[in-house]
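The values are calculated or read from the model by the stated rules, or taken from the named source; none is laboratory data. These numbers come from a predicted model, not from an experiment. A quick note on method: Cβ atoms are made from the backbone with ideal geometry, for glycine too, and the neighbour counts reach across all protein chains shown. Each accessible area value is taken on the protein alone, full model and side chains, heavy atoms only, with ligands, DNA and RNA left out. Shrake-Rupley method; radii C 1.70, N 1.55, O 1.52, S 1.80 Å.
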Protein chains: 2
Amino acid sequence: MAGPQEAAEFARVANDGLAELCAKHPDRFAGYVGALPMNAPEAAAKEAERILIHGNANGLQLHANVAGACLDEPRFFPIFEVAAKSGKPVLLHPARTPNVADFPAETKSKYEIWAILGWPYETSCTMARLIFSGVTTRLPDLKILIHHLGAMIPFFDARLDTGWATLGSRTSDEDYGGVLKMLGKPLMDCFRDFYADTALCGGRIGTVCGLEFFGADHVLFASDAPFGAQGGASYIRETMKVIAGLEIARADKEKICYRNAQALFKLS
Amino acid sequence: MAGPQEAAEFARVANDGLAELCAKHPDRFAGYVGALPMNAPEAAAKEAERILIHGNANGLQLHANVAGACLDEPRFFPIFEVAAKSGKPVLLHPARTPNVADFPAETKSKYEIWAILGWPYETSCTMARLIFSGVTTRLPDLKILIHHLGAMIPFFDARLDTGWATLGSRTSDEDYGGVLKMLGKPLMDCFRDFYADTALCGGRIGTVCGLEFFGADHVLFASDAPFGAQGGASYIRETMKVIAGLEIARADKEKICYRNAQALFKLS
């Protein structure tokens, strides 16, 4: 792993390289999202400011844990502050590793559960933590785009709503009394404020569920390519087929397929 | 925590008490599922045999972890063997605690994520582990009823199918080469073999998604009462409303509401 100073330089080099690529091949690249040296949060906030506000990056890609830590830690707040100020989105991608065991009595994950199920779980935990820690409430202009169509949130919407309505009742060593009030609006509206992409590997029933939860204004096309068979071609094809088959207005399909992306990433 | 010998006795007392209650009040209790001394697996298998095969318990309730261990460990196999032989179902309920941290850099879960999101996650991990370890393949007659409408499985069906199609490709320290072949049928058919209950706290979009995945023959009414507002009355009412509103045949609603339960629990 690169040290903080190296990481800051690597990020700068990578982001400048992406900016250059986009400038050279505007017919192939609509834009880019920047990477940050998250092990150096102050430098990361500065780099975010350089590429989002002074440069023309179209967003940031952050991972759902930083060397095992959650993004709701105060040291990361200045990064979200810059993103909110820029009006450009943060793309949230899970990053759990095989070293996170499936069960407390074990030392590592089996059968690649850490990736297949663990990633959507980690994403969901991060969403909850960003809400309950106050990050999203303090930064109402912050836009976060969630991978895998909002992970566990749509399917469990009523469970989350009613289960967290009694937040604090299962806890004796922390005072969660003021958390829900601090949000200033219903919890599920906070979850609905996230944007979500359609990367469900061509799953139709999950797509219907996720779209009903977030609505056509907050869902953006993505396929997870180059993962999947045929170098990702299969995921792209299957996801497009699912969207084409949805019983929704043509205008909503256009939003999902490109209009939301144009607006969110500030593309021309 | 009770020691193994105590636990075995407690389970026997509890199960006999439930059997007695059911015999005394057949108008109020259609049947009962037994508890087992899981910290004494041999005694647990014997108790399962006593109540399922020689007694009239209608199934077992197992928790998704045993003091932190996964149910796919060989020491628990004889319990599943008895359940399969009896033809009666195992009800799987999550049991994760606040001591399982949301992120590797932390020591405990925050904001009750361990229960709200952690429980469905643990359930999903257990399902995957029971499949990949060969438990469900070795016991084709085993019937397992999953809480929360199959947890993460329905929403992520295509992700699971395509992601696990390359099981082994993300792993260098284990050989998963023969696992998929061992299943003897497509992975998603193994997931569809589970039964699932409708305890989604009255969530409509999740219910539609889960029902499409499992089909009306494998979904059973449950509400999660007495959790929820009004001592559980709200969960019962909302879940019934969701099922009533589903655009499916009346015969399918009857299966979900009682016919599947009659057959699965061998009720008269």
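A few comments on the model shown:
To keep it simple, each residue is scored yes or no on (1) closer than 19 Å to A:I146 by Cβ; (2) touching a helix residue (DSSP H, G or I) at 6+ places or on another chain (Cβ under 9 Å); (3) open to solvent by 70 Å² or more (accessible area, probe 1.4 Å).
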{"position": "A:A8", "(1), (2), (3)": "no, yes, no"}
{"position": "A:A11", "(1), (2), (3)": "no, yes, no"}
{"position": "A:L21", "(1), (2), (3)": "no, no, yes"}
{"position": "A:D27", "(1), (2), (3)": "no, no, yes"}
{"position": "A:P37", "(1), (2), (3)": "no, yes, no"}
{"position": "A:I51", "(1), (2), (3)": "no, yes, no"}
{"position": "A:N65", "(1), (2), (3)": "yes, yes, no"}
{"position": "A:F76", "(1), (2), (3)": "yes, yes, no"}
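- Of the criteria (1) closer than 17 Å to A:T123 by Cβ; (2) in contact with a His (Cβ under 8 Å, 6 or more places away or on another chain); (3) open to solvent by 10 Å² or more (accessible area, probe 1.4 Å); (4) not acidic (D, E), which one B:P120 fails: (3)
- Total residues in region B:245-268 satisfying the condition of being within 24 Å of the chain's Cα centre (by Cα) and open to solvent by 30 Å² or more (accessible area, probe 1.4 Å): the figure is 13.
- Verdict on B:I205 being free of Cβ contacts under 8 Å to residues at least 24 places away in the same chain, assigned to a helix (DSSP H, G or I) and of a type outside the set (D, E): yes
- Which numbered condition A:K46 fails, given (1) over 22 Å from A:G150 (Cα atoms); (2) open to solvent by 10 Å² or more (accessible area, probe 1.4 Å); (3) within 14 Å of chain B (Cβ to nearest Cβ): (3)
- Residues that are part of a loop (DSSP other than H, G, I, E, B) and either within 9 Å of chain B (Cβ to nearest Cβ) or at positive phi (or both), drawn from region A:157-184: A:L167, A:G168, A:S169, A:R170, A:T171, A:D173, A:E174, A:Y176, A:G184
- Of residues in region A:1-29 being under 23 Å from the mean Cα position of the chain (by Cα) and among the charged types (D, E, K, R), the one nearest to A:A48 (Cα to Cα): A:R12
- Qualifying residue in region A:222-239 (condition: surrounded by 13 or more Cβ atoms within 10 Å (Cβ to Cβ), within 11 Å of chain B (Cβ to nearest Cβ), more than 21 Å from the chain's Cα centre (by Cα) and closer than 21 Å to B:C201 by Cβ): no
- Qualifying residue in region A:87-98 (condition: more than 8 Å from chain B (Cβ to nearest Cβ), out of contact with any strand residue (DSSP E or B) (no Cβ under 9 Å at 6 or more places or on another chain), buried (at least 22 other Cβ atoms within 10 Å of the Cβ) and at pLDDT 95 or above): yes
- Test for B:T171: is it out of contact with any Gly (no Cβ under 9 Å at 6 or more places or on another chain) and of a type in the set (S, T, N, Q): yes
- Residues in region A:107-116 that are facing another protein chain (nearest Cβ under 7 Å) and of a type in the set (D, E, K, R) were compared, and the one that is least open to solvent (accessible area, probe 1.4 Å) is A:E112.
- Among the residues here, A:A43 does not qualify as farther than 30 Å from A:I131 by Cα and more than 17 Å from the chain's Cα centre (by Cα).
- Test result for A:L211, more than 8 Å from chain B (Cβ to nearest Cβ) and not β-branched (V, I, T): yes
- Breaking point among (1) in contact (Cβ under 8 Å) with a residue 12 or more places away in the chain; (2) away from chain A (no Cβ under 14 Å); (3) more than 27 Å from A:A158 (Cα to Cα); (4) surrounded by fewer than 24 Cβ atoms within 10 Å (Cβ to Cβ), for B:A57: (4)
- Looking across region A:179-202 at every residue that is free of Cβ contacts under 8 Å to residues at least 40 places away in the same chain and in contact with a Ser or Thr (Cβ under 9 Å, 6 or more places away or on another chain), the one that is surrounded by the most Cβ atoms within 10 Å (Cβ to Cβ) is identified as A:C201.
- Cross-chain or 6+ apart pairs with Cβ under 8 Å, region B:134-150 first and in contact (Cβ under 8 Å) with a residue 60 or more places away in the chain, then of a type in the set (S, T, N, Q) and in a loop (DSSP other than H, G, I, E, B): B:L149/B:T198
- Output for region B:71-86, where each listed residue is within 14 Å of chain A (Cβ to nearest Cβ), touching a residue at least 12 places away in the same chain (Cβ under 8 Å) and over 23 Å from B:A199 (Cα atoms): B:D72, B:R75, B:F76
- Qualifying positions in region A:242-251 - part of a helix (DSSP H, G or I) and over 12 Å from A:L200 (Cβ atoms): A:A244, A:G245, A:R250, A:A251
- Scoring B:T166 on the criteria (1) surrounded by 15 or more Cβ atoms within 10 Å (Cβ to Cβ); (2) farther than 25 Å from B:K143 by Cα leaves a single failure, condition (1).
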